[in-house]
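Contents: one structure, followed by commentary.
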Amino acid sequence: MEPLQLIPVPHTWLLALSATLLAIGTLGVLLRRNAITIFLSLEIMLNAGNLAFVAFALKLSAEPGGLAAAVAGQVFVFFVIGVAAAEAAVGLALFIALHRLKETIDVDRVNILRW
Amino acid sequence: MVTYVFLVAAGLAVVFSLVAIVHRSPIVNVLSLVLVFFALAAIFAIAGMDFLAAIQLIVYSGAILVLFLFVIMLLNIGWAERLGSGRPLQAFLGLVAATGLGAAVILAATRVVPDLGTVLPGAEKGTVFPIGRALLGSHLFAFEFISVLLVAAIVGAVYLARRDD
């Protein structure tokens, strides 16, 4: 075991950055109408979640016996990245199919299911 | 020193994620998101999580965002619309909702874990060894299942993007 290195960053700063990124991503999802940019905003929100996992892993690793929790937090981030890769592949394939059908990826013009 | 690195990385992440949702060119959006992910990788690295920093760069910036760039260039998407253009009510409500969400999360985080100013132990825990043990030990089912998920996603993507000849 190497000695623990102290980092002078409180985990609440990480959580605050995570909340800010989540808010920015929400703003992008709600206000943009270009499907690719909406998708990018979703990626920002996923990364905000990852940052929260990292913050709580750091928080728990400071407590006695928290090594398993710290490792589990990083494993969850790994899984989130894996799911994000799957989601990006399917979502972008959907956009390609959509562009072939409607010649646009503006989500306002994809209203064929609307009554 | 580490604090300054964190603050610079956090500032870069916020500024470039704003650029990523505001700018009208999808290419600029994706490239500024690359910078956001680099900043987040720097934060993971100073938190001592080397493995996460590496896969953030390799998988996220290197694979997922390249896929985005590929699709943007394939579909030849030029300038998109302005942020919230032509819909003042939606823009206002979206701004309120996003600010409220961010404020609620910050409040919840500082109330649940209120010890602002503690110094965190970093390093040693983020190397590949304990993560590999956890992935192939206690999380083995999820680890194998995510490869099934990725195969299903790839097959689904090929099916969706296929031309109906």
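Among (1) within 25 Å of residue B:68 (Cα to Cα); (2) in contact with a Leu (Cβ under 6 Å, 6 or more places away or on another chain), there is one condition residue A:62 misses while meeting the rest; what is its number?
(1)
If you scan the stretch B:75-93, which residues turn out to be open to solvent by 20 Å² or more (accessible area, probe 1.4 Å), of a type in the set (Gly, Ala, Ser) and not in a helix (DSSP H, G or I)? First the steps, then the outcome.
The first filter runs over the stretch B:75-93 and keeps only residues open to solvent by 20 Å² or more (accessible area, probe 1.4 Å), leaving B:76-79, B:81-83, B:85-93.
In the following step, the residues that additionally are of a type in the set (Gly, Ala, Ser) were identified as B:78, B:85-86, B:91.
Correct list: B:78, B:85, B:86.
Evaluate the following for residue A:29: is it facing another protein chain (nearest Cβ under 7 Å) and among the β-branched types (Val, Ile, Thr)? Write out each step before concluding.
Working: facing another protein chain (nearest Cβ under 7 Å): no; among the β-branched types (Val, Ile, Thr): yes.
So residue A:29 does not fit the description; no.
Against the condition open to solvent by 40 Å² or more (accessible area, probe 1.4 Å) and modelled with pLDDT under 85, how does residue B:114 come out, does it pass? I'd like the intermediate steps shown before the answer.
Values: open to solvent by 40 Å² or more (accessible area, probe 1.4 Å): yes; modelled with pLDDT under 85: yes.
When the stated conditions are applied, residue B:114 passes them.
Might you check whether a residue that is under 19 Å from residue A:23 (Cβ atoms), open to solvent by less than 60 Å² (accessible area, probe 1.4 Å) and in contact (Cβ under 8 Å) with a residue 24 or more places away in the chain occurs anywhere in the stretch B:61-74?
Going residue by residue through the stretch B:61-74, those that are under 19 Å from residue A:23 (Cβ atoms) are none.
There is no residue in the stretch B:61-74 that is under 19 Å from residue A:23 (Cβ atoms), open to solvent by less than 60 Å² (accessible area, probe 1.4 Å) and in contact (Cβ under 8 Å) with a residue 24 or more places away in the chain.
Filter the stretch A:35-70 for residues that are at the interface with chain B (Cβ under 7 Å from one of its Cβ atoms) and open to solvent by less than 10 Å² (accessible area, probe 1.4 Å) and give the result.
A:36, A:37, A:40, A:41, A:43, A:44, A:47, A:51, A:54, A:58, A:70
Is there any pair linking a residue in the stretch B:144-164 that is part of a helix (DSSP H, G or I) to one that is at pLDDT below 95 and of a type in the set (D, E, K, R), with Cβ under 9 Å and at least six apart or on different chains, and which?
B:153/A:87; B:161/A:100
Is it the case that the stretch B:49-56 has a residue that's assigned to a helix (DSSP H, G or I), open to solvent by 50 Å² or more (accessible area, probe 1.4 Å) and over 20 Å from residue A:51 (Cβ atoms)?
no
Just name the residue that is farthest from residue B:13 (Cα to Cα) out of those in the stretch A:16-30 that are in contact with a Ser or Thr (Cβ under 9 Å, 6 or more places away or on another chain) and open to solvent by less than 10 Å² (accessible area, probe 1.4 Å). First the steps, then the outcome.
Step one: filter the stretch A:16-30 for residues in contact with a Ser or Thr (Cβ under 9 Å, 6 or more places away or on another chain), giving A:16, A:20-21, A:23-30.
Adding the requirement that they be open to solvent by less than 10 Å² (accessible area, probe 1.4 Å) leaves A:21, A:25, A:28.
Numbers: A:21: 8, A:25: 12, A:28: 15 Å.
Residue satisfying both the conditions and the ranking: A:28.
If residue B:37 meets every condition in (1) over 29 Å from residue A:35 (Cβ atoms); (2) open to solvent by less than 10 Å² (accessible area, probe 1.4 Å); (3) in contact with a Ser or Thr (Cβ under 7 Å, 6 or more places away or on another chain) apart from one, which number is that one?
Failing condition for residue B:37: (1).
Just one of the numbered conditions (1) open to solvent by 10 Å² or more (accessible area, probe 1.4 Å); (2) within 21 Å of residue B:60 (Cβ to Cβ); (3) touching a residue at least 12 places away in the same chain (Cβ under 8 Å) is not true of residue A:78; which one?
Evaluating residue A:78 over (1) open to solvent by 10 Å² or more (accessible area, probe 1.4 Å); (2) within 21 Å of residue B:60 (Cβ to Cβ); (3) touching a residue at least 12 places away in the same chain (Cβ under 8 Å) leaves (3) as the failure.
The values are calculated or read from the model by the stated rules, or taken from the named source; none is laboratory data. The structure displayed is predicted, hence computed values, not measured ones. When we count neighbours, we look across all protein chains shown, and the Cβ atoms used for this are built from the backbone with ideal geometry, even at glycine. What goes into the accessible areas is simple: the full protein's heavy atoms, side chains included, and nothing from ligands, DNA or RNA. Shrake-Rupley method; radii C 1.70, N 1.55, O 1.52, S 1.80 Å.
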